Every structure is written in C-alpha cells, then in structure tokens.
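Let me begin by presenting the structure, written as structure tokens, before commenting on it.
The values are calculated or read from the model by the stated rules, or taken from the named source; none is laboratory data. As the structure is a computational prediction, the values presented were derived from the model and not from experiment. For neighbour counting, all protein chains shown are included, and Cβ atoms are generated from backbone atoms with ideal geometry for every residue, glycine included.
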C-alpha cells in the first residue's frame, strides 16, 4: 500500500469508521481516538494489508478497539451515551420514528448493535460482518435477525406508548 | 426452498438485509402480493432498518501521511555523516616503559642508599677509632700531669702488661722514665712539654698498639676501670676537657647473608630482608621484560 493508497483510505473510510464507533459508544472524543488508532495500525501494517481489504481491516481493528473500550468503560450507560450522541450527530431525518429507533438500538447489546450498524450503515454482507466481528456467517444471520425482531417489538411498543 | 407462511419472516429479514438473490427477491415480492395481510408485518420489520446518516470525521489531517514522512537520505550520504572513533595513538610513555624507568630509578636509589650507608659507617668507624686514640692520649697526658694518675692492677693479664711495657717504652723514647709497671715517678715540667710536643707521635704509636692487641684487650685497657683508674681531682686537663663517653659499640662489616639486619639510609631504617626481596623482584621483572621482548 502506497502513501497515496493510504490517504485514499482516509478519505473513503474514516467517516464510516467514525460513524460506526460513535454510534456504538456514543462518545466523540473516544471515537476519534479509536479511529486514529485504527489508521495507525493500518499504516504500520500497510505492507501486509491489501488496498482492497483496507476497509474491512479498518472496521475490524476499530470494532475490537471499541470492544476493549466498552469493557473498560462499563460504568457509562447506553442511555446516557445516546443522549450525548443525540446532540452531535447530523441526522438526515429528524422524524420521531427515527429517534425511537435510535433509542431502541441503544438498548441492544453491543454485538447486536454492531451487527445492525454494520449492516445498515455500511452495507456489509453477513460474510463480511462475520469477518469483522470474528463470527460465522450463520451466527451473524441469527444474531441480526434476533436484533431486528427485538427492534420491531420495541418500535411497536413505543408507538403504542406514544399514541 | 419455497416461501410459505411458516418461513416468510426469515425471507422478510433476508430481503431487508439484501441477502436474497434476484430470483429470490422476485419470488418474495410475488409472495407478498399474494398475501397482503402480511404486508404490515413486513413494513414493521422494514422500519428497523437504519437510514445512513452523514457523520464526518473532521480531523482527517491527523490521519494523512505524506511522502515527506517517508523521505530518507541516500545511504551514501548517510555514510558521509558517520564519524569513526578516533584512533588512540600510543605515546612515548607506555605502561611498560614507565615500569622500566621506575625500576631503574628504584635501583639507582638503592645503590645510592647502599653507598651512603657504607660510607657513613666507615666514617663512624674512623671517628670512633680516632676518639679512642684521643682518649688514650688524653689519659696518657693526664698521667703525666699527675703524680699518681695511672695505677695498673696487679691482676692485669699478659696483654695489659705488654701494653704498659709498650707505653713505658714510648715514655723512655721521649727521654723520661714515666711508665713502669709498679711505680710511676712524678713528671717534670720539661717532660710535660716534651710529652705535649710528641702527643701526635704517641697517638700514632697508640694506634699501632691498638692494632696489635686484640679488641678484647683494648676494651679491658680503655673501659675497665679496674685496669686503669683516673684521678679526676688531680687532673685539671681532664676537668676542663669534654671527653666523649666511651662506648663499647663495635662497627663490624655488614654481613649480607644475615636476614635480620637493618640498613640505614640517612635517618630511615630499612629491613634488609625485605630490601633483598624487593631487589630480587626487580631483577625478576627485568628478566621477564627481557624475555618478553626476545619473544
């Protein structure tokens, strides 16, 4: 990987990695640190990582950095994280449904949340998500479907509450 | 697998996650058109999909890398910057050379010390002998001044008799009969004068005497108060003259084979045995250096 290839990865993937992390942990500064660490590792291993797999490599590193961060910072509640994130993110739609969905997603466990984010935000396939999160394809499918059903139930419940 | 009422939910999720093939997607869409009652269920699952948001990482500048970061100097230029360690040039005073010079200096000092010691001991011996002869001459002179200065013990041995005889001969040679073994007559004025004139001769002759008789006899003659008694009350010369006290110390030649002897260099006392060890070591060092050079 040349310097130009690396900088192209920065332009192409840094926003996605940052979004993925900040949606998961809900803290911008920590998310920036994690993103920076991921690109540092990519730079160190630039001779080993192919340019085509740089995105997957970056998300893999960032995801495991995030897991470590979550384990170290268990005191923070996901709800608080959501409240903190809510004020910073630039949402394309400020609909009430979206806010309810975001609240429901924050109530998922980290694995389910990551599965949903990787699938919906980044569009990864089950296989790619499995590679990033070190899960099998069938596990990704089962866990993700389970998360969707949980979200559906929460959405129905919240809509009934709001109604 | 055909889509039916039992497995449609799974197909719904796969359709939402875009994991169906094109044919499966068409089949699923056809199934949903035929079962419109399930559309609400599908729409509820469809709502769980997040719409992508625009969230930017603003500090991309800290992530960029530039060619300048990879810039490196050519190896030839780096080698021109290297500095070699300065070579240490051996000076004239190397370690072995310093040791050799120090050894020579030590030997010279030892030789000077020996020479000084021997010359000093010889001078002391000569001074002692001169002092003894002077004492004898003074005794002889005092015996002339007084009428009854010297009294020879009757029990003196043969050597003493010989000495007194020799003394009487000297006295006779001076023209007076002063010395006899049993009776010493009184001295006249002329005798005293003549004795003073020939003091040097007596001293010289007394040297002969002291050389001919044994040291033991000399000790008996000089130091034994039983053999020679001096009447100080009747001897003004002796009263007015500081006669050095006689000592019985004899200066013998140095026996270099004696291990316990002490050597004096100026005021310093040096153990002869240790000094010998030092000289032997120095000699061994020189021999070893010589052997090393030959190798």
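If you scan the stretch A:15-41, which residues turn out to be within 7 Å of chain B (Cβ to nearest Cβ) and surrounded by 24 or more Cβ atoms within 10 Å (Cβ to Cβ)?
Listed by number, the residues that qualify are A:18, A:22, A:35, A:39.
Tell me which residues, restricted to the stretch B:91-107, are more than 16 Å from the chain's Cα centre (by Cα) and surrounded by 12 or more Cβ atoms within 10 Å (Cβ to Cβ). Reasoning before the result, please.
Restricting attention to the stretch B:91-107, the residues satisfying the condition of being more than 16 Å from the chain's Cα centre (by Cα) are B:91-97.
Across the stretch B:91-107, the qualifying residue is only B:97.
From (1) modelled with pLDDT of 55 or more; (2) within 11 Å of chain B (Cβ to nearest Cβ); (3) assigned to a loop (DSSP other than H, G, I, E, B), pick out the condition that doesn't hold for residue A:74.
Failing condition for residue A:74: (2).
Modelled with pLDDT under 85 and surrounded by 11 or more Cβ atoms within 10 Å (Cβ to Cβ): is that true of residue B:122 in this structure? Show your work before the answer.
On the way: modelled with pLDDT under 85: yes; surrounded by 11 or more Cβ atoms within 10 Å (Cβ to Cβ): yes.
So residue B:122 fits the description; yes.
In this structure, does residue B:13 turn out to be under 16 Å from residue A:125 (Cα atoms), assigned to a helix (DSSP H, G or I) and in contact (Cβ under 8 Å) with a residue 24 or more places away in the chain? Quick ask: steps written out before the conclusion?
Working: under 16 Å from residue A:125 (Cα atoms): yes; assigned to a helix (DSSP H, G or I): yes; in contact (Cβ under 8 Å) with a residue 24 or more places away in the chain: yes.
So residue B:13 passes the test.
Just checking, which of A:128, A:122 is within 11 Å of another protein chain (Cβ to nearest Cβ), in contact (Cβ under 8 Å) with a residue 24 or more places away in the chain and touching a helix residue (DSSP H, G or I) at 6+ places or on another chain (Cβ under 9 Å)?
Residue meeting the stated conditions: A:122.
Just to be sure before I move on: is residue B:24 closer than 30 Å to residue A:137 by Cα, surrounded by 12 or more Cβ atoms within 10 Å (Cβ to Cβ) and facing chain A (nearest Cβ under 10 Å) in the structure I sent? Let's see the steps before the verdict.
Numbers: closer than 30 Å to residue A:137 by Cα: yes; surrounded by 12 or more Cβ atoms within 10 Å (Cβ to Cβ): yes; facing chain A (nearest Cβ under 10 Å): no.
When the stated conditions are applied, residue B:24 does not pass them.
Among the candidates A:35, A:49, single out the residue that is in contact with a helix residue (DSSP H, G or I) (Cβ under 8 Å, 6 or more places away or on another chain), outside any helix (DSSP H, G or I) and modelled with pLDDT of 90 or more.
Working: A:35 fails: outside any helix (DSSP H, G or I).
On inspection, the qualifying residue turns out to be A:49.
Out of the stretch A:137-148, which residues are surrounded by fewer than 19 Cβ atoms within 10 Å (Cβ to Cβ) and at the interface with chain B (Cβ under 8 Å from one of its Cβ atoms)?
Matches in the stretch A:137-148: none.
For the stretch B:34-79, give me the residue count where each residue is touching a helix residue (DSSP H, G or I) at 6+ places or on another chain (Cβ under 9 Å) and without any contact (Cβ under 8 Å) to a residue 12 or more places away in the chain. First the steps, then the outcome.
Quick first cut of the stretch B:34-79, residues touching a helix residue (DSSP H, G or I) at 6+ places or on another chain (Cβ under 9 Å) only: B:35, B:38-39, B:41-42, B:44-60, B:62-67, B:69-70, B:72-73.
So of that shortlist, the ones also without any contact (Cβ under 8 Å) to a residue 12 or more places away in the chain come out as B:39, B:44, B:47, B:50-60, B:62-67, B:69-70, B:72-73.
Counting residues in the stretch B:34-79 that are touching a helix residue (DSSP H, G or I) at 6+ places or on another chain (Cβ under 9 Å) and without any contact (Cβ under 8 Å) to a residue 12 or more places away in the chain gives 24.
Identify the residue in the stretch A:97-114 that is free of Cβ contacts under 8 Å to residues at least 40 places away in the same chain and more than 10 Å from chain B (Cβ to nearest Cβ) and, among all such residues, is surrounded by the fewest Cβ atoms within 10 Å (Cβ to Cβ).
In the first step, residues of the stretch A:97-114 are kept if they are free of Cβ contacts under 8 Å to residues at least 40 places away in the same chain; the result is A:98-99, A:102, A:109, A:111-112.
In the following step, the residues that additionally are more than 10 Å from chain B (Cβ to nearest Cβ) were identified as A:99, A:109, A:111-112.
On the way: A:99: 15, A:109: 12, A:111: 16, A:112: 18.
Among residues in the stretch A:97-114 that are free of Cβ contacts under 8 Å to residues at least 40 places away in the same chain and more than 10 Å from chain B (Cβ to nearest Cβ), the one surrounded by the fewest Cβ atoms within 10 Å (Cβ to Cβ) is A:109.
Take residue B:143 and decide whether it is touching a helix residue (DSSP H, G or I) at 6+ places or on another chain (Cβ under 6 Å), modelled with pLDDT under 85 and either exposed (fewer than 13 other Cβ atoms within 10 Å of the Cβ) or in a helix (DSSP H, G or I) (or both).
Details: touching a helix residue (DSSP H, G or I) at 6+ places or on another chain (Cβ under 6 Å): no; modelled with pLDDT under 85: yes; either exposed (fewer than 13 other Cβ atoms within 10 Å of the Cβ) or in a helix (DSSP H, G or I) (or both): yes.
No, not satisfied.
Kindly provide the set of residues from the stretch A:122-136 that are assigned to a helix (DSSP H, G or I), surrounded by 15 or more Cβ atoms within 10 Å (Cβ to Cβ) and either at pLDDT 90 or above or assigned by TED's automatic domain parsing to the domain that holds residue A:57 (or both), ordered by number. Break it down into steps so the answer makes sense when it comes.
Just the residues of the stretch A:122-136 that are assigned to a helix (DSSP H, G or I), to begin with: A:122, A:126-133.
Within this subset, residues satisfying the condition of being surrounded by 15 or more Cβ atoms within 10 Å (Cβ to Cβ) are A:122, A:126, A:128-133.
Scanning the stretch A:122-136 gives A:126, A:128, A:129, A:130, A:131, A:132, A:133.
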